Each structure stands twice: as C-alpha cells, then as structure tokens.
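**Q** Got a structure for you, written out below as structure tokens; questions coming shortly.
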Amino acid sequence: MTREEKNQIIDELSEKFAATPYFYIASTAGLTVAEANQFRSLCFQRGVEYKVFKNTLISKALAKTGTDYSSLDAEVLTGMSGIIFATENAKVPAKLIKDFRKEAGKDKIAFKAASIEGGIYIGEGQLTALENIKSKNEMIGEVIGLLQSPAKNVVSALLSGEKKLAGIVKTLSERPE
C-alpha cells in the first residue's frame, strides 16, 4: 500500500469517526472465514457497519479527530482490530457481540473498547454496561413520562374528588333538616 493510499484511508476513517457518534473496537481473530462473513452479515442486518483496519491507521485517524483517544493506543490497538460503526443506537453493537458469542462461542470475538458520544469504555467488563445503555430517544421518553406523571396524578385526583364531592352534596341535600 502506498503512502497516498494510507493517507486517503486515514482521512476517510477520521471523517467516519467524527461523523459517527458510536463506535466499537473488537477483535475477530478467532473467527473462521465463514464465521467472519456471518458476523458481517449480522452487522448488516442490524444496521451497523463493520470494517477491519490496521491499528496504526486507526490510531492516526483517531488522532486527526481532535478528541483524545490516546488511552486506546497501548491497551486496545494491538492484534487484530475491527471497528463497528453505529449511527442510530449505542447498544446495538454490544447486543450484536453478545448474540454472536452465544451462537459462535465466547472465544470467537473479543470486545476491546467503545466510544459513546466521546466517552471511552475499555475492556470486556464494560460490555454489559454498554448493552444496558439507553438511547437518546429512550431517555427523552422517560423524562417526558416523569414530567407527565404528577400532572396525571393531579387530574385523576380532581376527577375522583369530583365524584366524591357530588356524592357528599347529594347526601347532604337529601338529608332531612
């Protein structure tokens, strides 16, 4: 590969990192060709993109983004590294990795790190936390639900109180004086 080709890949990859809010770095070194194709197919079905790059190209592309990803260099960018890009939902790649492990075996694919909205998660222990992370739309829905809850309680109390009040007034009016 010529220097110009490498620079072009680095530029394209850094643009992809900058444009994609969620990316995971995983190693698929334990996969056979058929399993790797199956994993790529599964990625496509779930709406994420998976590509394998040289670690030096990944490191240089991350350096060009302007965000500090230096913690990934020593620990994460060793051996075989593939990147899973997700644009919609941060937990889709985590679920994808877990589902694929159930199907193919635990030692087949290794989670190395992830970047979620600039936050860095390193190591296998973070995969469960990433799987349970809520999307932006889920968080907005929860906040709206919490804000609506007190208003719903007030309205239901007023409505139930209306019936009670009417019953009390009716009872008092029917009472002999």
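The values are calculated or read from the model by the stated rules, or taken from the named source; none is laboratory data. Remember, predicted model here, so these are calculated numbers, not experimental data. Cβ: placed from backbone, ideal geometry, glycine included. Neighbour counts: every protein chain shown. When the accessible area is computed, the model is the full protein with side chains, heavy atoms only, and any ligands, DNA or RNA have been set aside. Shrake-Rupley method; radii C 1.70, N 1.55, O 1.52, S 1.80 Å.
**Q** Let's test the formula: R0 of 25 Å, r as the Cβ-Cβ distance of Ser41 and Glu4. What FRET efficiency results, to the nearest 0.05?
**A** 0.20
**Q** Positive end of the charge dipole of the chain (Lys, Arg +1 and Asp, Glu -1 on Cβ, about the Cα centre): tell me which of Thr67, Leu147, Ala94 has its Cα farthest that way.
**A** Leu147
**Q** How many percent of the accessible area of the chain is carbon or sulfur, using a 1.4 Å probe?
**A** Ligands and nucleic acids excluded, carbon and sulfur reach 55 percent.
**Q** May I ask for the angle, rounded to the nearest 10°, between helix 92-104 and the longest principal axis of the chain, with both axes built from Cα atoms and the value confined to 0 to 90°?
**A** Roughly 70 degrees between the two axes.
**Q** Now, a different point. How much area per residue is accessible in region 84-135 when the probe is 1.4 Å and only protein heavy atoms are counted (Å²)?
**A** Per-residue accessible area for region 84-135 comes out at 47 Å².
**Q** Taking R0 as 25 Å, what's the FRET efficiency between Met139 and Val52 from their Cβ-Cβ distance, rounded to 0.05?
**A** E(calc), rounded to 0.05, equals 0.15.
**Q** Wrap a convex hull around the Cα atoms of region 54-158, take a quarter of its surface area, and give that in square nanometres.
**A** Over all viewing directions, region 54-158 projects a mean Cα-hull area of 9.3 nm².
**Q** Here's another thing I want to ask about it. When only alpha-carbon atoms count, how far does the chain stretch along each of its three principal axes, as whole angstroms with the largest first?
**A** For the chain, the Cα spread along each principal axis is 104, 37, 26 Å.
**Q** Let me ask you something else. Using alpha carbons only, how many degrees (0 to 90, rounded to 10) separate the axis of helix 136-174 from the longest principal axis of the chain?
**A** The helix 136-174 is inclined about 10 degrees to the chain.
**Q** Quick check on the chain: helices-only [θ] at 222 nm, where DSSP H runs of length 4 and up contribute -39,500 (n - 2.57) each and the sum goes over total residues. Nearest 500, please.
**A** -19000 deg cm²/dmol
**Q** I've got another one for you. Helix 3-19 against the longest principal axis of the chain: what's the angle in degrees, Cα atoms only, rounded to the nearest 10?
**A** 10
**Q** Then there is this: Rounded, prolate or oblate, given the Cα gyration tensor of region 27-95, with a/c below 1.5 counting as rounded?
**A** oblate
**Q** Still on this structure: Identify all aspartates and glutamates with a Cα-Cα distance to Lys91 below 19 Å; exclude those on the same chain that are fewer than 8 residues away in sequence.
**A** Glu49, Asp99, Glu103, Glu117, Glu124, Glu131, Glu138, Glu142
**Q** Mind putting a number on the dipole of region 42-143 about its Cα centre? Charges go on the C-beta only, +1 for Lys and Arg and -1 for Asp and Glu, and I need it in Debye to the nearest 20.
**A** 300
**Q** Shifting gears a bit: Between Glu117 and Thr32, what is the FRET efficiency for a Förster distance of 45 Å, r being their Cβ-Cβ separation, to the nearest 0.05?
**A** Efficiency for this residue pair is about 0.85.
**Q** Could you go through region 51-61 in sequence order and give the Karplus-derived ³J(HN,Hα) for each residue, using 6.51 cos²θ - 1.76 cosθ + 1.60 with θ = phi - 60°, rounded to whole Hz, and x for Gly and Pro?
**A** Once rounded to whole Hz, the list reads 9, 9, 9, 5, 4, 5, 5, 4, 4, 5, 5.
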